1. Here's a check for you: in segment 96-145, which residue that is among the hydroxyl-bearing types (Ser, Thr, Tyr) and closer than 20 Å to Phe62 by Cβ is surrounded by the fewest Cβ atoms within 10 Å (Cβ to Cβ)?
2. Any idea how many residues of segment 124-139 are more than 20 Å from Asp34 (Cβ to Cβ) and modelled with pLDDT of 95 or more?
3. Out of all the residues in segment 94-110, which are out of contact with any Asp or Glu (no Cβ under 7 Å at 6 or more places or on another chain) and not aromatic (Phe, Trp, Tyr)?
4. What number of residues within segment 36-54 satisfy the criterion of being at pLDDT below 80 and either in contact with an Asp or Glu (Cβ under 7 Å, 6 or more places away or on another chain) or among the aliphatic types (A, V, I, L, M) (or both)?
5. So which residues in segment 146-163 are open to solvent by 10 Å² or more (accessible area, probe 1.4 Å) and polar (S, T, N, Q)?
6. I want to confirm something. Restricting to segment 55-95 and keeping residues that are β-branched (Val, Ile, Thr) and open to solvent by less than 40 Å² (accessible area, probe 1.4 Å), which single residue is modelled with the lowest pLDDT?
7. Which of (1) open to solvent by 50 Å² or more (accessible area, probe 1.4 Å); (2) of a type in the set (A, V, I, L, M); (3) modelled with pLDDT of 90 or more does Ile23 not meet, given it meets every other one?
8. So, in segment 44-65, how many residues would count as being closer than 16 Å to Thr85 by Cα and among the hydrophobic types (A, V, I, L, M, F, W, C)?
Amino acid sequence: MIKLAPSILAADFSCLASEVEKIEKYGADYVHIDVMDGHFVPNITFGPSVVKSLRKCTGLVFDLMIEHPEKYVDAFLKAGSDIITVHIESDMDYDYVKNAVKSAGKKLALSIKPKTDVKEVLPYLGNLDMVLIMSVEPGFGGQAFIPESLDKIREVRAMLNEKNLETDIQVDGGIYVENVREVLDAGANVIVAGSAVFRGDAGENTAKFMEILKS
């Protein structure tokens, strides 16, 4: 199933609740929350308290991308997260994160940066619910889509098909209504869009994406 996951990194932080209400009204499936702690990338974004507050405002799936997961996974799960995505390149205790997420009955995803070989995810595929392919370098919104990401999507989809896995493929970075069809055709089924949704009217922009995703 194809899903839209607007990234609130690009939203107006002064009115997050109303922004999330707009994307929910117009058909978004997830809320993508980039959790940055100033280490893996230089920026600092959201903490568990923000997630907990937003949880009261929407029933949408909370899709969290966490930079140093073993330090924060328990707090974010408790705050109401539904999917925890961790970077394969980060220095983490993967087994701890996996066990925490699965014990909570939530979903686990693994993210790869643009320069990481997709074969790095092979040992983990059996216990993943989703693979996230970064189509820009993580840390900053508004970057241009890296065209080579399409080949990585195709390669991951082929790997999953070979193993008869129905694991989701999410793509994050530089996706707009003008290029989302290419991403879908390559094999992705969960689309993260930040600036393309929240620059302007979030509701109208969500509706434009959903028209393509559901066609």
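The values are calculated or read from the model by the stated rules, or taken from the named source; none is laboratory data. A quick note: this is a predicted structure, and the numbers were derived from the prediction, not measured. Here the Cβ positions follow ideal geometry from the backbone for every residue, glycine too, while neighbour counts run over all protein chains shown. Quick note on the areas: whole protein, heavy atoms, side chains included, nothing else; ligands and nucleic acids left out. Shrake-Rupley method; radii C 1.70, N 1.55, O 1.52, S 1.80 Å.
1. Applying the filter and picking the extreme gives Ser103.
2. Residues that pass the stated criteria total 2.
3. Asp95, Lys98, Asn99, Val101, Lys102, Ser103, Ala104, Gly105, Leu110
4. Residues in segment 36-54 being at pLDDT below 80 and either in contact with an Asp or Glu (Cβ under 7 Å, 6 or more places away or on another chain) or among the aliphatic types (A, V, I, L, M) (or both): 7 in total.
5. Asn161, the sole residue that qualifies.
6. Among those that are β-branched (Val, Ile, Thr) and open to solvent by less than 40 Å² (accessible area, probe 1.4 Å), it is Ile66.
7. (1)
8. Number of matching residues: 6.
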